[in-house]
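Working notes, beginning with the structure itself.
The values are calculated or read from the model by the stated rules, or taken from the named source; none is laboratory data. The structure presented is a predicted model; accordingly, all values stated were derived computationally and were not measured. Ideal geometry is used to build each Cβ from the backbone, glycine not excepted, and the neighbour counts take in all protein chains shown.
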Amino acid sequence: MQYDLTEEQVLLQSMVRRLSKEKVAPGAGKRDEEGEFDWRMVDLLRENGLYGIDFPEAYGGSDAGLLALAIAVEELSKADASCGILIADHELGSLPILLAADGAQRDRYLPKLATGELIAAFALTEPAAGSDVARLRCRAKKEGDSYILNGTKNFITNGGVADIVTVYAVIDPEKPMHQNAGVFIVEKGTPGFSVGRKENKMGIRWSETVELIFEDCRIPEENLIGREGEGFQIMMKTLDFSRPGVAAQALGIAAGALEYAIGYAKERVSFGKPIIEHQGIGFKLADMAMRTEAARQLLYKTCAMFQEQPKDMSRLSPELIRMSSMAKCVCGDVAMWVTMEAVQVLGGYGYIKEYPVERMMRDAKITQIYEGTNEIQRMIIARTL
């Protein structure tokens, strides 16, 4: 297993870093303030082939692997976490198809998903249940050659802008949880499928987070991914593969805050010298740098391990599941801690919106919550030990 960056990965990192500094960073504060989804960022990522990094070459993707995707998400998130999650969440919404779809479904959707022509989202969470999957109430009832979908999903990233949503729904509530559900491909414009409330969030403010409503929404049976009863397994494996993407977003936030704090500490003079030369600040930055690099190594190793695993429904080892949860948990916690310390390094200026670290601190918090809270990650880690 190798997770030193290859020449191709270094070139990708350099390209996305330049793109991020020149095209993403300049408008990040304004996008955060306005809180409106920015299609210009989508177009930028499409033009540079960033939606298809981890998609098979046979369907028009780059087939560069999960580590390459993490590198791109990290570099984008250094400037704007809402931009980084565009491709991480697209991967999440596409993963049920990549993992478990049949040939016809793959041929129909993957080529356009790989280019970003179609945007994907994943719908699992409901008003009464997120971590507790047994309480999910969205229902899919078989009727002839279709399924009738009824229920509500909330906190769905990209939900209102996605062209397709992969939706987790209970088919037979009388069966055990691991045998009672399915994952369905629901296309935008399907009768009975509508977008409800848009959330006004603390962080990642221009990333669209919405409620999705299904009212007698008729889904053709060919849009069921896998077989009836396989939804739970598809959902769990989807999350195992997608958590490194959120970890990469968190890592990027931490790295961006660290870079800004170091630059500020070199220029800000106090008591006759740059504050980085004062032990109180120098040691703080040293701890920030150590934790950020440690998180990066854990994430990169996790991605390298996942690249050895085919994207299908074969069983994941407990070690691989544990690594996915560890990467997500550690990177999220590091992002929160590093951004708070970055605000402290800047002092009063850190609390002002003119400086990006307060936005980074607000953005960091969600990485401890979505894609499975960090409390849930600790439960998973403990169970696999």
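Only residues that are under 20 Å from ARG243 (Cα atoms) and either free of Cβ contacts under 8 Å to residues at least 24 places away in the same chain or surrounded by fewer than 21 Cβ atoms within 10 Å (Cβ to Cβ) (or both) were counted across segment 337-361, and they come to 1. Candidates are the residues of segment 101-151 that are out of contact with any strand residue (DSSP E or B) (no Cβ under 6 Å at 6 or more places or on another chain) and hydroxyl-bearing (Ser, Thr, Tyr); the one that is surrounded by the most Cβ atoms within 10 Å (Cβ to Cβ) is TYR109. Of the residues making up segment 152-185, those that are under 21 Å from the mean Cα position of the chain (by Cα), surrounded by fewer than 24 Cβ atoms within 10 Å (Cβ to Cβ), in contact (Cβ under 8 Å) with a residue 60 or more places away in the chain and not in a strand (DSSP E or B) are GLY160, VAL161. The residue that is modelled with the highest pLDDT, among those in segment 362-381 that are crowded, with 22+ Cβ neighbours inside 10 Å and among the charged types (D, E, K, R), is ASP363. Being under 17 Å from the mean Cα position of the chain (by Cα), closer than 21 Å to GLU230 by Cβ and in a strand (DSSP E or B): is that true of ALA140 here? Considered against the rule, which asks whether it is under 17 Å from the mean Cα position of the chain (by Cα), closer than 21 Å to GLU230 by Cβ and in a strand (DSSP E or B), ALA140 comes out as no. The sole residue among SER94, SER146 that is in contact with a Phe, Trp or Tyr (Cβ under 8 Å, 6 or more places away or on another chain) and modelled with pLDDT of 95 or more is SER94.
Going by the structure shown, is ARG291 among the basic types (Lys, Arg) and within 23 Å of the chain's Cα centre (by Cα)?
Numbers: among the basic types (Lys, Arg): yes; within 23 Å of the chain's Cα centre (by Cα): yes.
Considered against the rule, which asks whether it is among the basic types (Lys, Arg) and within 23 Å of the chain's Cα centre (by Cα), ARG291 comes out as yes.
Candidates GLU91, GLU47, GLU75: the one that is under 26 Å from GLU199 (Cβ atoms) and among the charged types (D, E, K, R) is GLU91.
Of the numbered criteria (1) closer than 23 Å to ALA81 by Cα; (2) in contact with a helix residue (DSSP H, G or I) (Cβ under 9 Å, 6 or more places away or on another chain); (3) not aromatic (Phe, Trp, Tyr), the one GLN297 fails is (2).
Could you please let me know if LYS188 is among the basic types (Lys, Arg), closer than 29 Å to SER77 by Cα, surrounded by 14 or more Cβ atoms within 10 Å (Cβ to Cβ) and touching an Asp or Glu at 6+ places or on another chain (Cβ under 6 Å)? Considered against the rule, which asks whether it is among the basic types (Lys, Arg), closer than 29 Å to SER77 by Cα, surrounded by 14 or more Cβ atoms within 10 Å (Cβ to Cβ) and touching an Asp or Glu at 6+ places or on another chain (Cβ under 6 Å), LYS188 comes out as yes.
Specify which of the listed residues (ALA254, ALA261) is in contact with an Asp or Glu (Cβ under 9 Å, 6 or more places away or on another chain), under 30 Å from ALA286 (Cβ atoms) and at pLDDT 95 or above. Selected residue: ALA261, the only one of ALA254, ALA261 that is in contact with an Asp or Glu (Cβ under 9 Å, 6 or more places away or on another chain), under 30 Å from ALA286 (Cβ atoms) and at pLDDT 95 or above. Residues that are more than 23 Å from the chain's Cα centre (by Cα) and either farther than 27 Å from GLN105 by Cα or surrounded by 16 or more Cβ atoms within 10 Å (Cβ to Cβ) (or both) within segment 191-208 comprise just one, PHE193.
Inspect all residues belonging to segment 47-62 and state whether any of them is assigned to a helix (DSSP H, G or I), surrounded by 21 or more Cβ atoms within 10 Å (Cβ to Cβ), at pLDDT 95 or above and not small (Gly, Ala, Ser).
Taking segment 47-62 as the starting set, the residues that turn out to be assigned to a helix (DSSP H, G or I) are 47, 57-59.
Narrowing further to those that are surrounded by 21 or more Cβ atoms within 10 Å (Cβ to Cβ): none.
There is no residue in segment 47-62 that is assigned to a helix (DSSP H, G or I), surrounded by 21 or more Cβ atoms within 10 Å (Cβ to Cβ), at pLDDT 95 or above and not small (Gly, Ala, Ser).
Look through segment 28-44, keep the residues that are over 16 Å from ASN200 (Cα atoms) and either free of Cβ contacts under 8 Å to residues at least 40 places away in the same chain or among the aromatic types (Phe, Trp, Tyr) (or both), and return whichever of them is surrounded by the most Cβ atoms within 10 Å (Cβ to Cβ). Only one residue fits best here, namely LEU44. If MET202 satisfies every condition in (1) on the phi > 0 side of the Ramachandran plot; (2) in a loop (DSSP other than H, G, I, E, B) but one, which is the exception? All conditions pass for MET202, except number (1).
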